[in-house]
Every structure is written in structure tokens, then in C-alpha cells.
Amino acid sequence: MTPLSLDATQYPASHGLLRSLMLMAWMVEARDPYTGGHLWRVARMAEELGRSMGLPDKEIRRIALAGFLHDIGKIGVPDAVLRKPGKLDDDEYAVIQAHPDIGRRILAEHPLAHLVMDVVFHHHETPDGRGYPLGLANTDIPLDARLVGICDAFDAMTSTRPYRKGMPIAKALDIISNAAGTQFDAELGRQFVALGHAGAFDHIVGHTDEGIPLGVCISCGPVIQRYRHTQAGEHADCPACNARYEWQQTGSGLHAAHIGKTHGSQGMPLPDTSLLHTLLEEWSPLQA
Ligand SMILES: [Fe+2]
């Protein structure tokens, strides 16, 4: 059965702030149909990159949490832009470019905002100064935002959207390699590419949790979110079209079988409680 809430009794009250921050991040997943699992993937890749750069454990955890929160401002982007199935025009692009500032303003009063604020506000800045919102350059961009910015871009390139297929890992790594020093931090970019070629992201790309690949919608591609606690017989809706699926057991694991059309919001992506439990355990030292 799908657990519908985090069991608050399992955690000391002091973890409540962190839990509220993570649930805020989940609101973006529920609103944006094209990025199932994006937050987990960015958090995991940021962790891999931070570790390989030799950052201290506590800092790696903090950056992973910030990776999970980075797009929180998308809560304030209208559906017509956020859910547009295709390329944005200039006006729409200007609207979506407001999301780091929306995120900054939403988070400002949260007691743990300091852990994630630089990433939320600066993850679209680029070393050549052509990013947004401030057009900061090079090391004026906080390190954590430069790091998450690479993971974010890589995940966007390798993720399938209903209107385009995700690109192969090697091609996305080439793009990062070519833009290291301009769009991406030179040293972090090189390190990220080396990690990618060594296979460090193979278990992350196309997944929503450790060992859990996205389900494939027959018309939209791999966009259907599955949880660790999902069992055969449970239903899921494609977040991008009105197709309904049933998880069926096959030799290689659960497979999304198309069974018809959705009826309302039943299959909407609820907070992935088993994933949130795990992440909360991992990141709880940040509250100390
Ligand atoms: Fe973003």
C-alpha cells in the first residue's frame, strides 16, 4: 500500500524544519510534468561531483540538499509556460527566468534557507556572465551554484521530454566539455565530464531513485515516476498525457503497461515518501 505521509513520530521534532523544506521541493515535482525525478538526480549528481572534488562531508550533504531544492521557484511559474510542450518564445523565456528570484523570495523566511539559498538564486548564472538573474561571472558565482548548475544542465539534456528524446550521456558530456569555462565552471566541468566517462552517472540518468528507472509512456517516453514502495497492480498516470498505466511484474522488474485513459488526479505524483525518508536520514545532520 502507498504510504501517504511521512511518519512524523519516527523523527525528532528538530527534523521538522528539514522535512518542511524537502516537501516544498516536492511541490515542484507535482507541478512540472516533464521533470519526474529531476530533483533526486540533480541531488545525487551534485553529491558525486562534490565528493570527487574533495569537499567535506557536511558540505556535500548541504549541496545535495540544495540540488534537491534548486528549482523551488518554479512553483511560481504559470502552467502555460511551465507545462508548454515545446520551445519557449522570448516572452515565455523571460517568465521562466524569474524562477530563481521567485525561489529566493519564497524561501527567505524559512529557518533553513541559508543552506540552499545561493543555489536556488544562482544556479542559472554562467562563468561568462551571460546567465541570470544577476549575470555574475566566474568565482563571483558561489561554488555550490556553479556545481549544481552543471548537474542541472546535464540532467535536462539527458532527460526525455514528450516533445524530444533525451540525448545520450556521451553527447551531453561533450557539450559540457566544450562549454567548460564559458557556460560551465572550467574545473568543475572537467571533473564532471571525467566522472561521466567513468560511468558515475549511469545509475542516475533515467532514474528516480536508486535502482528505479522511469516507466516508459507509449507516447511520451520515459517520464512515469515509480517509487521504491510501488508494487505490481498499482496504477500510474503519465504526467504529460492522459494515458493510464498499470505496473506489471516482468523478468527484469516492474514494467508500465498501458491500460487506458486517466480519470482525474489519482495518478498525480504524490510525495515519494520512501525516498524522502531516506534523504531525511542522510541530510538530518545539517540541522545540528
Ligand atoms: Fe532552474
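Along segment 113-119, what does the Karplus equation 6.51 cos²θ - 1.76 cosθ + 1.60 (θ = phi - 60°) give for ³J(HN,Hα), rounded to whole Hz, x for Gly and Pro?
These are the phi-based 3J(HN,Hα) values: 4, 4, 5, 10, 4, 4, 5 Hz.
Could you tell me whether segment 54-101 comes out rounded, prolate or oblate from its Cα gyration tensor? Rule is a ≥ b ≥ c as square roots of the eigenvalues, rounded for a/c under 1.5, then prolate if a/b exceeds b/c, otherwise oblate.
Prolate, because a/c is 1.5 or more and a/b exceeds b/c.
Which whole-number percent is the relative contact order of the chain (Cα, under 8 Å, 6+ apart)? Walk me through the intermediate numbers first.
Details: 480 pairs, mean separation 55.9, N = 288.
So the answer I get is 19 percent.
Please give the peptides 144-151, 127-134, 23-30 ranked by average Cβ packing (other Cβ atoms within 10 Å per residue), highest first, as a rough proxy for protection.
On the way: 144-151: 26.6, 127-134: 16.5, 23-30: 18.2.
Top of the packing list down: 144-151, 23-30, 127-134.
In debye to the nearest 20, how big a dipole does the chain give about its Cα centre with +1 on each Lys and Arg Cβ and -1 on each Asp and Glu Cβ?
Details: 25 positive and 34 negative charges, 110 e Å.
Value, rounded to 20: 520 debye.
So what is the 222 nm mean residue ellipticity for the chain from helices alone, if each DSSP H run of at least 4 adds -39500 (n - 2.57) and you divide by all residues, rounding to the nearest 500 deg cm²/dmol? If you can, show how the numbers build up before the last one.
Details: 11 runs with 123 residues, N = 288.
It lands at -13000 deg cm²/dmol.
Between 233, 37, 215, where does the largest GNM mean-square fluctuation fall for the chain, given springs only between Cα atoms within less than 10 Å?
Top of the fluctuation ranking is 233.
How long is the gain from residue 284 to residue 198 if the chain were fully straight, where each residue apart is worth 0.36 nm and the alpha carbon distance is subtracted? Could the numbers behind the result be given before it?
On the way: separation 86, 0.36 × 86 = 30.96 nm, distance 3.00 nm.
Contour length minus Cα-Cα distance gives 28.0 nm.
Whole percent per 5 Å bin, from 0 to the bin with the longest distance: what is P(r) over all C-alpha pairs of segment 212-261?
The distribution over segment 212-261 is 5, 25, 37, 24, 9, 1, given as percents.
Give 87/261; 74/261; 87/165; 58/171; 74/171 a once-over and call out the pairs whose C-alpha atoms are over 24 Å from each other. It would help to have the intermediate numbers written out before the result.
On the way: 87/261 27 Å; 74/261 28 Å; 87/165 14 Å; 58/171 32 Å; 74/171 27 Å.
Table pairs above 24 Å Cα-Cα are 87/261; 74/261; 58/171; 74/171.
Given 26, 68, 132, which one lies farthest toward the positive end of the charge dipole of the chain, if we put +1 on the Cβ of every Lys and Arg and -1 on the Cβ of every Asp and Glu?
26
Given a 10 angstrom Cα cut-off, can you work out which residue in 213, 56, 85 is the most mobile in a GNM of the chain?
Taking springs between Cα atoms under 10 Å, the residue moving most is 56.
Expressed as a rounded percentage, what relative contact order does segment 212-261 have, with Cα pairs under 8 Å and six or more residues apart? Spell out each step's value before the answer.
On the way: 90 pairs, mean separation 14.2, N = 50.
RCO, segment 212-261: 28 percent.
Taking θ = phi - 60°, what integer Hz values does the Karplus form 6.51 cos²θ - 1.76 cosθ + 1.60 yield along segment 211-227, in sequence order, with x for Gly and Pro?
Using θ = phi - 60°, the values come out as x, 10, x, 5, x, 9, 7, 5, 9, 10, x, x, 9, 8, 6, 10, 9 Hz.
Can you give the Kirkwood hydrodynamic radius for the chain, in Å, rounded to one decimal and based on Cα pairs? Don't jump to the answer; show the numbers that get you there.
Values: mean 1/r = 0.0516 Å⁻¹.
Radius from the Kirkwood sum: 19.4 Å.
Through the Karplus equation 6.51 cos²θ - 1.76 cosθ + 1.60, θ set to phi - 60°, convert the phi angles of segment 73-82 into ³J(HN,Hα) values in whole Hz; use x for Gly and Pro.
Coupling constants for segment 73-82: x, 5, 3, x, 8, x, 3, 4, 8, 4 Hz.
By counting other Cβ atoms within 10 Å of each Cβ, how are 224, 96, 212 ranked from fewest to most? The partial results should precede the final answer.
Numbers: 224 24, 96 17, 212 21.
Taking fewest neighbouring Cβ atoms as first place, the list is 96, 212, 224.
I'd like the FRET efficiency for residue 89 and residue 186, computed as 1/(1 + (r/R0)^6) with the beta carbon distance as r and R0 of 30 Å, rounded to 0.05. Write down the numbers at each step before the final one.
On the way: r = 32 Å, r/R0 = 1.07.
About 0.40, to the nearest 0.05.
How many nm separate the modelled label positions at residue 51 and residue 246, each set 7 Å beyond the Cα in the direction of the Cβ?
Computed distance between label sites residue 51 and residue 246 equals 3.9 nm.
Show the residues, 5+ positions off or on another chain, whose built amide H is closer than 5 Å to the amide H of residue 207.
214
For residue 42, what charge total do you get from the other residues with a beta carbon under 9 Å from its beta carbon, if Lys and Arg give +1 and Asp and Glu give -1? Intermediate values should be presented prior to the final figure.
Numbers: positive: 41, 44; negative: 71, 152, 155.
So the environment of residue 42 carries a net charge of -1.
None of the figures in this text is laboratory data; all of them are computed from the coordinates on show. Treat the numbers as computed from the prediction; the structure is a model and nothing was measured. Methodologically, a virtual Cβ is constructed for each residue, glycine included, from the backbone with ideal geometry; neighbour enumeration extends over all protein chains shown.
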